[in-house]
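Structure, as C-alpha cells:
The values are calculated or read from the model by the stated rules, or taken from the named source; none is laboratory data. Not measured: the values here are computed from a predicted model. Cβ sites come from the backbone with ideal geometry, for glycine too, and all protein chains shown count toward neighbours.
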Amino acid sequence: MDRSLHIDQHYGGRIRVRVCGVLVESDSILLVGHQQGAHPENLFWAPPGGGVDFGEEMEQALKREFLEETGLDIEVEELLSVSEFLDHPLHAVELFFKVKVRAGRLVKGQDPEMEKDQQIIKKVMFVPASHLESMPDANKHVVLRKFKSLDEVAQWKGLIPRTEA
C-alpha cells in the first residue's frame with residue numbers, strides 16, 4: 001500500500017494522541033529520521049514516539065514506541081510540554097516527556113504498523129544542536145522549529161504554540 005494512502009487511512013480524519021521522548025545527551029538530542037517523499041535522503045527528523053493505543057497508558061506507549069524505534073529501554077521522567085499538529089487530514093495532540101536510558105543499545109528500529117518494504121525509519125541518531133539549528137524547517141518536527149538551543153528544550157513547559165506544518 002502506498003505510504004500516503006496508509007497514513008490517510010489509518011490516521012486521517014480523527015484526533016490522534018501521540019507521546020514523544022526527549023533524550024538530550026551532551027549537546028545533542030536523539031532524533032529519528034523518517035523518509036519523506038521519494039528521495040531516500042530527504043529525511044524528516046523528530047523525537048522518538050508514536051500513537052497511544054486504546055487502553056494503553058501513555059508511559060507504557062512511550063516506552064514501547066521508544067524501544068521499537070531506537071532499541072532503548074527508557075524511564076519516563078516528566079511531562080515537558082504539549083503540542084498540537086494540524087495538517088489536514090492529520091490532527092494530533094502530542095505530549096513530550098523527558099526520558100533517560102535504562103538499558104539497550106541504540107539501533108535503527110522499525111514501525112511495526114508498516115510493511116517491511118515500506119519502512120520509513122531511515123536513521124536514528126543523536127543530532128548535535130549546531131546541526132539542528134542549521135537544518136531546514138521542512139526537515140524537522142514543528143516543535144524543533146520553535147527552539148534555538150537544546151537548553152531551551154529543557155525548559156519546555158505547558159502548551160507549545162502551534163506552528164503551521
Among (1) crowded, with 16+ Cβ neighbours inside 10 Å; (2) modelled with pLDDT under 95; (3) charged (D, E, K, R) - the single one residue 64 does not satisfy: (2)
From the options 80, 150, residue that is in contact (Cβ under 8 Å) with a residue 40 or more places away in the chain and in contact with a helix residue (DSSP H, G or I) (Cβ under 6 Å, 6 or more places away or on another chain): 150
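Can you pull out every residue in the range 74-114 that is among the aromatic types (Phe, Trp, Tyr) and farther than 19 Å from residue 59 by Cα?
Start the filter on the range 74-114 by keeping residues that are among the aromatic types (Phe, Trp, Tyr), which leaves 85, 96-97.
The one that is among the aromatic types (Phe, Trp, Tyr) and farther than 19 Å from residue 59 by Cα: 85.
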Members of the range 113-165 that are at pLDDT 80 or above, within 17 Å of residue 21 (Cα to Cα) and part of a loop (DSSP other than H, G, I, E, B): 141, 157
Which numbered condition residue 94 fails, given (1) without any contact (Cβ under 8 Å) to a residue 40 or more places away in the chain; (2) among the acidic types (Asp, Glu); (3) touching a Lys or Arg at 6+ places or on another chain (Cβ under 6 Å): (1)
